[in-house]
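Structure record follows, encoded as structure tokens.
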Amino acid sequence: MDFSLTLANKATQPLSSYLPSVQTRLQALASAPSPSNSPSVASYVIRAPGRVNLLGEHVDYSGFGVLPMALTQYDVSLSIRKVTPENPSSPSSLTISNLDPNLFETRKYDTSDPKSLSVDLSAHHWSHYFLAGYLGAFDSMPSSAPPPPPSHIEVIISGNVPSGAGLSSSSALVVASTLATFTIYGTDVTRNDLALAAIEGERYVGTLSGGMDQSASILSRANMALNIEFVPTLTSTPINLPSGVVFVICNCLKKKEKAVDASLYYNKRVVECRLAALCIAKHKGLDGGDVKTLRNVVDQIVEKGGRDMGEVIAELSKHCEENDSEEAPTLEDISATLGVPKGDILELYFSDRKVQCSAVLNDSPSFDIWKRSRHVFDETLRVKSVLSSPLDDKAEDFGILMNESHESCRSLFDCSCSELDDLVAVCRDAGAIGSRLTGAGWGGCTVSCVEEGRKDEFIREVTEKYYEGKMGFERGELPEGSICVSLGGSGASIVEV
């Protein structure tokens, strides 16, 4: 059976299938008292894992494939229940709280009309990520579906994915919320459709998500990586990892959350890649009206000339290199290339995401479109080279690709930082076969491919040289979640507690 087509809210996982530390948190959620002191118990417990991306950074929103895996140690989980209020005539409500209420403020929403809810992007709040998944679920339900009956829903959330670490803590919460919403309202959903709903849902918090994070959290298989493709439709293929190695994730301890300052970082890269696609299409005489991503450009050239996709991508990378210069193009330069007034660019090319993209266009003096698109093309070729043959005995080759990926992220996509670069250097000196930043970047984590027999020595050296030597921590005082080892976990599920 195609795993992506299984019903996500019918395939439960036993509590015993998780690590002991995870089991403890899941049991705590199941037994946590109602925030309103209702006598009801949790209807469902949902778990959504974080993810680490092994290869294919910042290419998903350009339409190209990625190679992540879910994490066994890190997740966002929640309990969800329907309760009977003291006043039966009170309007439907959604109460979102945390297992640790001292750290996270509880928030209550009126859900009399769920589809009328919105997320206030001017006042960031942690509960917005749950609300995003909730709205994504309702958006994907058929318009002919009857409105949900009046209900009072309480959610308690617990997560241990380090925030701002590039391991998708926000997406894991959105995924858990989306699955919980479908489940509590009795709506069956396939894993693929759950992923698509979560992808759209996360855009409510203002990030122009490409889809990798949510898909990895939902579609991953235990002990495997996952090749996720987005064109022509969302598909996923389990990939065996190289034999004899583990992947060690190290946190540089500089936080960077995608939704914070998105117009200067994550969303700006999305806009730069679309602008690059439009300019390349103009250079190549393509139909720009059908171009939103760099993948659209590749597909038009492939279809027009019957050429090999890899050959076209390599040619376009060279085109980007030839057009690059020391001075990044301004919006005036780009409007001249496209032959449209500067003031019309938002309406003509970003009408699908005007709120997020207008902030980018207004805040940015220039757009480094040629470096950004060159990274996307080169990174895509790296992913394709991994998929061309089994990885079983190719750890060294995979390590080389990881190292190349980090250099591209650093010098072309400009999404690294000094802490990540230092940590990558330490990891390589400590014996990593390959090491690179993972996630959106500008902080967060590295992922290193390490011989299984050397992982303890590797962790000891990284601890001494980076966390103690560079960051000044005393031995034994590392922040929780600084280092972990993972071989890939399973996707989101309802837990049998």
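The values are calculated or read from the model by the stated rules, or taken from the named source; none is laboratory data. Remember, predicted model here, so these are calculated numbers, not experimental data. Using ideal geometry, Cβ is built from the backbone for each residue, glycine included, and neighbour counts are taken over all protein chains shown.
Of note:
So that you can scan it fast, the table gives a plain yes or no per residue for (1) assigned to a loop (DSSP other than H, G, I, E, B); (2) at pLDDT 95 or above; (3) buried (at least 24 other Cβ atoms within 10 Å of the Cβ):
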site	(1), (2), (3)
Asp139	no, no, no
Ser143	yes, no, no
Pro150	yes, no, no
Val155	no, yes, yes
Gly164	yes, no, no
Ala172	no, yes, yes
Thr178	no, yes, yes
Gly186	yes, no, no
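- Count of residues meeting criterion [over 24 Å from Thr84 (Cα atoms), of a type outside the set (Val, Ile, Thr) and assigned to a strand (DSSP E or B)] in segment 1-60: 11
- Those strands (runs of 3 or more DSSP E) of segment 399-497 in which at least 3 residues are under 21 Å from the mean Cα position of the chain (by Cα), considering only elements entirely within it, cover 434-438, 445-451, 483-486.
- Unmet requirement for Asp378, which otherwise passes all of (1) modelled with pLDDT of 95 or more; (2) surrounded by fewer than 17 Cβ atoms within 10 Å (Cβ to Cβ): (2)
- Inspection of segment 67-76 identifies at least one residue that is among the small types (Gly, Ala, Ser) and at pLDDT 95 or above.
- Single unsatisfied condition, Pro479 versus (1) surrounded by 13 or more Cβ atoms within 10 Å (Cβ to Cβ); (2) farther than 11 Å from Cys252 by Cβ: (1)
- When restricted to residues that are modelled with pLDDT of 95 or more and farther than 18 Å from Gly65 by Cβ, segment 302-319 contains 3.
- Single residue of Pro35, Pro91 found to be assigned by TED's automatic domain parsing to the domain that holds Asp139, touching a strand residue (DSSP E or B) at 6+ places or on another chain (Cβ under 8 Å) and surrounded by 14 or more Cβ atoms within 10 Å (Cβ to Cβ): Pro35
- Within segment 362-395, if we keep just the residues that are assigned to a loop (DSSP other than H, G, I, E, B) and among the acidic types (Asp, Glu), the residue that is farthest from Leu67 (Cα to Cα) turns out to be Asp368.
- Remark: pairs (first residue in segment 237-254, over 21 Å from Gly431 (Cβ atoms); second residue basic (Lys, Arg); Cβ separation under 9 Å; 6+ apart in sequence or on different chains) = Pro238/Arg221.
- Selection within segment 1-27 - small (Gly, Ala, Ser) and crowded, with 16+ Cβ neighbours inside 10 Å: Ser4, Ala8
- Whichever residue in segment 441-457 is closer than 16 Å to Val52 by Cβ and either in contact with a strand residue (DSSP E or B) (Cβ under 8 Å, 6 or more places away or on another chain) or without any contact (Cβ under 8 Å) to a residue 40 or more places away in the chain (or both) and, among such residues, is surrounded by the most Cβ atoms within 10 Å (Cβ to Cβ): Thr446
- Restricting segment 429-440 to residues that are modelled with pLDDT of 95 or more, buried (at least 24 other Cβ atoms within 10 Å of the Cβ) and touching a helix residue (DSSP H, G or I) at 6+ places or on another chain (Cβ under 9 Å), the residue that is nearest to Glu396 (Cα to Cα) is Gly434.
Yes/no per residue for (1) surrounded by 15 or more Cβ atoms within 10 Å (Cβ to Cβ); (2) among the hydroxyl-bearing types (Ser, Thr, Tyr):
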residue: Tyr265; (1), (2): yes, yes
residue: Leu275; (1), (2): yes, no
residue: Val291; (1), (2): yes, no
residue: Arg295; (1), (2): yes, no
residue: Ile301; (1), (2): yes, no
residue: Arg307; (1), (2): no, no
residue: Asp333; (1), (2): yes, no
residue: Asp344; (1), (2): no, no
